[in-house]
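Presented below is the structure to which this report refers.
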Amino acid sequence: MPANLPPGYFEIEKRLKDAKTPSEKVSCLEEMMSVIPKHKGTDKLRAEIRKKISKLKVSPQSKKGATRKESAYNINREGAGQVIISGPPNVGKSSLVAVLTNATPEISDSPHSTWKPTPGMMSIHDIQIQLIDTPPLNRDYVDKDLFDLIRRSDLLLLTVDIQGDPFQQLEETADILKQNRIAPVRLKDRYPDQPRMTFLPFHVLANKNDSEQFDENVDIFAELLEDDWPYLPVSAKTGRNMELLKKVIFERLEIVRVYSKTPGKPADMKAPFVLKRGDTVEQFAAKVHMTFAEKMKHARIWGDNVYDGQLVQRDHQPNDGDIVEIHI
Ligand SMILES: Nc1nc2c(ncn2[C@@H]2O[C@H](COP(=O)(O)OP(=O)(O)O)[C@@H](O)[C@H]2O)c(=O)[nH]1
Ligand SMILES: [Mg+2]
């Protein structure tokens with residue numbers, strides 16, 4: 001048994017002894033993996049744990065216990081978009097989710113306090129967006145399910161610590177993602193002929209930008225990023241740029257809110273239908289009622305870029321905030 005294991009390790013070890021189902025065991029082992037410090041002295045222990053995890057995951061028994069359905073990474077989509085907060089340990093991922101959503105993930109100085117993804121809902125304008133706090137990305141061990149979760153998501157917020165070495169953190173985590181076939185859609189041209197790659201919108205959050213004192217760090221970081229990485233300096237602690245961050249998330253998801261109106265009645269301005277930029281009136285109609293897309297003759301639209309009540313055809317693309325009345 002290597003020396004210098006953190007006290008938390010033994011507490012998890014105790015829980016592992018009591019664990020009954022394979023999925024409980026896997027959770028304990030994964031948690032253990034995340035608290036063991038990385039150095040030569042722990043290499044063997046970490047290798048043993050990794051072996052145990054993979055055995056439990058493929059054993060026939062695990063069909064009952066640790067099926068995909070039960071994986072903590074199998075999170076139901078809710079709201080108008082699914083956004084993952086990812087990055088190295090201790091950069092403030094959990095703090096950001098705690099500030100922005102109704103979720104209460106554990107926040108601590110221990111680098112691996114988050115070992116399970118935690119979803120929460122964020123309100124922006126009149127819609128809800130799902131944000132998911134995740135365990136840290138590190139070279140040592142990351143559950144493969146995390147990468148699957150990221151691949152299925154709509155936006156990745158890659159978080160770094162502006163008071164640390166943000167550029168190195170970004171390079172390291174982007175590299176881990178790349179090795180797991182995830183890359184920013186903005187850099188797609190750099191990956192020709194790689195059909196197995198998943199491209200996602202990325203946005204870098206330079207967290208811990210608590211006050212003007214750190215703005216110079218942000219400037220230096222920004223220069224290193226060139227134009228490759230859109231970024232936003234924020235602080236979960238002092239709340240700097242939190243409102244702007246919500247808007248950036250909304251923007252990057254390319255959400256278009258469209259309000260439905262029944263002829264002769266005022267529009268329902270409380271619950272918009274959510275479309276993607278580029279979606280058409282026909283797609284909107286399908287969301288309002290199953291049969292409308294087929295039956296519709298034309299639509300009337302109100303908004304900033306149209307005349308009041310302008311007549312449009314089914315291929316018209318509404319803008320965010322437009323009101324649409326389907327005529328059948
Ligand atoms: N100064 C400062 N500290 C922060 C900020 N956000 C988080 N922290 C601290 O950084 C540590 C790690 O935070 P946590 O949210 O658990 O990071 P995670 O490991 O990335 O989830 C905690 O001590 C937090 O209080 C921030 O904006 N500014
Ligand atoms: Mg955390």
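Read-outs throughout are calculated quantities, based only on the coordinates presented, and are distinct from any laboratory measurement. This one's a predicted model, so the numbers in the text were calculated from it and none came from an experiment. A quick note on method: Cβ atoms are made from the backbone with ideal geometry, for glycine too, and the neighbour counts reach across all protein chains shown.
Computed quantities for the displayed model
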read-out	value
Trypsin sites (Lys or Arg not before Pro) restricted to DSSP loop in the range 247-276 with at most 13 other C-beta within 10 Å	270
Using a Förster distance of 35 Å, the FRET efficiency for residue 47-residue 199 (Cβ separation, nearest 0.05)	0.60
Label-point separation in nm, residue 251 to residue 121, each point 7 Å along Cα→Cβ	2.6
Integer Hz, Karplus 6.51/-1.76/1.60 couplings in order for the range 84-92, x for Gly and Pro	9, 9, 10, x, x, x, 6, 8, x
Size of electric dipole in the chain: Cβ of Lys, Arg +1 and of Asp, Glu -1, about Cα centre, debye, nearest 20	2000
For residue 124, residues with placed amide H under 5 Å, excluding near neighbours	129
Full-extension gain in nm, residue 219 to residue 287, via 0.36 nm per residue minus C-alpha separation	20.1 nm
Binned Cα-Cα distances of the chain, short to long, each 10 Å bin given as a whole percent	5, 22, 27, 23, 15, 6, 2, 0
CD proxy at 222 nm, helix term only [per DSSP H run n ≥ 4: -39500 (n - 2.57); per residue of the chain; nearest 500]	-10000 deg cm²/dmol
Theoretical gain in end-to-end length, residue 228 to residue 139 [0.36 nm per residue, Cα-Cα removed]	29.7 nm
Lysine pairs within the range 136-246, Cα separation less than 17 Å, 8 or more sequence positions apart or different chains	5
Residue-by-residue Karplus 3J(HN,Hα) for the range 186-202, coefficients 6.51, -1.76, 1.60, Hz, glycine and proline x	4, 9, 3, 4, 7, 10, x, 6, 10, x, 8, 7, 9, 9, 10, x, 10
Label-point separation in nm, residue 77 to residue 294, each point 7 Å along Cα→Cβ	2.4
Fraction of beta bridges assigned by DSSP in the chain that are antiparallel (%, nearest 5)	45
Under Karplus coefficients 6.51, -1.76 and 1.60, residue-wise ³J(HN,Hα) of the range 256-272 in Hz, glycine/proline x	10, 8, 10, 9, 8, 10, 8, x, x, 10, x, 5, 8, 8, 8, 10, x
Gained length - residue 14 relative to residue 328, 0.36 nm times residue gap less alpha-carbon distance	106.5 nm
Spherically averaged projected area in nm², based on the convex hull that wraps the Cα atoms of the range 71-252	10.0
DSSP-loop chymotrypsin sites (Phe, Trp or Tyr not before Pro) across the range 277-328, with at most 11 other Cβ within 10 angstrom	307
Simple spin-label estimate for residue 243 and residue 165 in nanometres, 7 Å along Cα-Cβ	3.7
